[in-house]
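What follows is a set of notes on a single structure, which appears directly below.
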Amino acid sequence: MDKIKNQTRPVFPFTAIVGQEEMKLALILNVIDPKIGGVMIMGDRGTGKSTTIRAIADLLPKIEVVTDDIFNSHVSDYDLMSDLVKQRIEDDLKISTQFIKVPMVDLPLGATEDRLCGTIDIEKALSEGVKTFEPGLLAKANRGILYVDEVNLLDDHLVDILLDSAASGWNTVEREGISIRHPARFVLVGSGNPEEGELRPQLLDRFGMHAEIRTVKDPSLRVQIVEQRSSFDRDPYSCIEEFKNKQNELKNCIILAQQQLSNVVIDYDLKVKISQICGMLNVDGLRGDIVTNRAAKAFAAYQNKDEVSIEDIRRVITLCLRHRLRKDPLETIDSGTKVDQVVNEILV
């Protein structure tokens, strides 16, 4: 118990969150395979979006980083390593490492481009010939989670930068002919309330998955949520202790899934069915096909399987496609229901 109390701010346990299965599954799958491309969580106010996102970051196993490196560089994976660390390896210099909690970075709504991307000290570069880089939030988020609350209210230009970095895994800062590039591989999580406006379709399409959450209507479930939260607020450490075993169980499950992921295969016929569904739904581009294939593999790995089944695809496909459908103002049917109808037609 004392060990737990050494934590800074206690975080609500992920396994203690009641309901909101769609959001929890989308987050778990993105953590298993960050290449899915992040998740957009849209829903009512007060439905635990921020709590759930902080809880998944807290649940994850610690990562090994190069000591004193501002980019959380990996010690052996070149794609997750800064140029400085690569240089040190080439020069045969000794590199020490340490284990840190998975970075969880919040992007405030009023953030500037410099705050997000980082800045180069031009004066120092010109007078001393030294490239001095002040890291931004993208550098801090490398190998972690970058969370944007109210992403639909964020400046479109910043959303573009975010999505470009999330897709490429790199951030480049250029000023006065001086350029610095660093790894920025993170799980991008955006949340918002649809009442405050939607994201532009071309930006929405860049998020791998889209989870919709609604306020729980069932009175007994509502009571359970309120009691759970009250119990945590009263004594967070007892609540953390109570869910310790479940947390460890889920953590181990995620680690195994990450290891299993590269072994998972998906049958050619199933790939054809996924593309058939995307075609029938008039999904623009091929991003929907790619993300659905990735998410289905991650879900299979999560269940410790080495082959994707039709059921795995059923579980993830709505999350991957509902935000990619063309909006028809005269359409009365919900986009998720539309996906389900086509899925039931093809996946038999």
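Bear in mind these aren't lab numbers, they're just calculated from the coordinates by the rules spelled out. Predicted, not measured: the structure shown is a model, and the values here were computed from it. Please note: Cβ atoms are built from the backbone with ideal geometry, for glycine as well, and neighbour counts cover all protein chains shown.
Want the number for GLU21 to THR67: 0.36 nm per residue separation, take away the alpha-carbon distance, what's left?
Full-extension gain reported as 12.9 nm.
Label-point separation (nm) for THR172 and ARG234, each offset 7 Å from Cα along Cα-to-Cβ?
Computed distance between label sites THR172 and ARG234 equals 5.7 nm.
As a footprinting exposure proxy, order VAL18, VAL339, VAL265, VAL283 by other Cβ within 10 Å, with the fewest listed first.
Placing the least packed residue first, the sequence is VAL265, VAL18, VAL283, VAL339.
Report the percentage of all Cα-Cα pairs in the chain whose separation exceeds 30 Å, rounded to a whole percent.
42
Using 1/(1 + (r/R0)^6) with R0 = 22 angstrom and r between the beta carbons of GLN98 and SER76, what's the FRET efficiency to the nearest 0.05?
Calculated transfer efficiency: 0.90.
Using 7 Å Cα-to-Cβ label points, what is the LYS246/GLN276 separation (nm, one decimal)?
So the two model labels end up 4.0 nm from each other.
What angle do you read, to the nearest 10 degrees and between 0 and 90, between the alpha-carbon axis of helix 21-32 and the longest principal axis of the chain?
Compared with the principal axis, the helix lies near 40 degrees.
When the Debye formula is applied to the Cα atoms of the range 263-346, each taken as the same point scatterer, what base-10 log of I(q)/I(0) results at q = 0.11, 0.23, 0.24 Å⁻¹?
These q points yield log10 I(q)/I(0) values of -0.28, -1.07, -1.15.
Rounded to the nearest 500, what is the 222 nm mean residue ellipticity of the chain from helices alone, with -39500 (n - 2.57) per DSSP H run of 4+ residues and division by all residues?
Calculated mean residue ellipticity at 222 nm is -13500 deg cm²/dmol.
First select every other residue whose beta carbon is under 14 angstrom from the beta carbon of ARG115; then total the charges, Lys and Arg +1, Asp and Glu -1.
Residues near ARG115 contribute -4 overall.
For the range 98-231, what size does the Cα cloud have along each of its three principal axes, sorted from largest down, in whole Å?
67, 39, 24
Can you give the angle from 0 to 90° between the axis of helix 156-168 and the longest principal axis of the chain, with both taken from C-alpha atoms, to the nearest 10?
The answer is roughly 80 degrees.
Kindly provide the trypsin sites (Lys or Arg not before Pro) of the range 1-87 that DSSP labels as loop, not H, G, I, E or B, and whose Cβ sees at most 16 other Cβ atoms within 10 Å.
ARG45, LYS62
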